[in-house]
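Okay, so here's the structure we're looking at.
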Amino acid sequence: MQLLIIASLVTITIYTLGFGVTLWKGKQKISAIAVFFLTLTIIVLPFFTIF
């Protein structure tokens, strides 16, 4: 079950990061920076949860 959770988080992180890159290429820098911070939150947040 934990493997499924990790795989889901990795998939969501890659998708969100790709969306940020798309925004960056589309000259929407502020929105891209916000999405990059969201990606960092997705990466860091599991380390603060209690299992």
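Brief remarks on what is shown
- Just one of (1) in contact (Cβ under 8 Å) with a residue 24 or more places away in the chain; (2) open to solvent by 60 Å² or more (accessible area, probe 1.4 Å); (3) touching a Gly at 6+ places or on another chain (Cβ under 7 Å) fails for I43. It is (3).
- Flag if I50 is open to solvent by 80 Å² or more (accessible area, probe 1.4 Å), in contact with a helix residue (DSSP H, G or I) (Cβ under 7 Å, 6 or more places away or on another chain) and modelled with pLDDT under 95: no
- Of residues in segment 12-31 being open to solvent by less than 90 Å² (accessible area, probe 1.4 Å) and under 13 Å from the mean Cα position of the chain (by Cα), the one farthest from L45 (Cα to Cα): V21
The values are calculated or read from the model by the stated rules, or taken from the named source; none is laboratory data. What you see is a predicted model, and the numbers here were worked out from it, not measured in a lab. Because the Cβ atoms are built from the backbone with ideal geometry, glycine has one as well, and the counts that use them run over all protein chains shown. Ligands, DNA and RNA are excluded from the accessible area calculation, which covers all protein heavy atoms including side chains. Shrake-Rupley method; radii C 1.70, N 1.55, O 1.52, S 1.80 Å.
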